[in-house]
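Encoded as structure tokens, the structure appears first; notes follow it.
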Amino acid sequence: MMITVRRYAHNDEATLSRVYLDDEEFCYGLEDQPQEEKVMHETRIPAGTYDIKLRDEGGMTKKYAERYDFHEGMLHVQNVPGFEWIYIHTGNTDDHTSGCLLVGHTRNEDTFTIGNSRAAYSDLYQAVVEAAREEDLQIEYIDEDEAYYDG
């Protein structure tokens, strides 16, 4: 199973994307901005294809298990060069991510924010958890936002 993140716009704080599940548009995404040199907690991960596995330990796992009764572990993006602990999770602004992908059902291109994040996360998680459990889940990040977006 494949999650595809098509990055379509960024400003100096954040990146907006459309998130697809097996080629069907599913929700929106929000990440940090691109930067030539990585700045911790302020840079999106490099474009590419990565495996996703479930991580069933740590503080976020505990927090999400309390929030969602179906939660089996965080969707953990594997082997990202120069990054650790990259997850898919909830949030609405670039302040809620440290290189991770936030998901939402709505987006605001003026403020570079997303909304209805908990519902989008719940929907995405339940659609992919079996594939993640079977270690048959990947995510592909595609940069289509070459031109700087002033918003």
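Below are the figures for this structure:
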| read-out | value |
| --- | --- |
| Among (1) in contact with a helix residue (DSSP H, G or I) (Cβ under 8 Å, 6 or more places away or on another chain); (2) open to solvent by 10 Å² or more (accessible area, probe 1.4 Å); (3) closer than 21 Å to R44 by Cβ, the one test that E72 misses | (3) |
| First in segment 56-69 and within 16 Å of I86 (Cβ to Cβ), second anywhere and hydrophobic (A, V, I, L, M, F, W, C), Cβ under 6 Å, 6 or more apart | M60/M74; T61/M74 |
| Any hit, segment 14-31, residues being aliphatic (A, V, I, L, M), part of a loop (DSSP other than H, G, I, E, B), open to solvent by less than 70 Å² (accessible area, probe 1.4 Å) and in contact (Cβ under 8 Å) with a residue 12 or more places away in the chain | no |
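The values are calculated or read from the model by the stated rules, or taken from the named source; none is laboratory data. Only a predicted model underlies this, so the values are computations on that prediction, with no experimental measurement involved. Because the Cβ atoms are built from the backbone with ideal geometry, glycine has one as well, and the counts that use them run over all protein chains shown. These area figures cover heavy atoms from the full protein model, side chains too; ligands, DNA and RNA do not enter into them. Shrake-Rupley method; radii C 1.70, N 1.55, O 1.52, S 1.80 Å.
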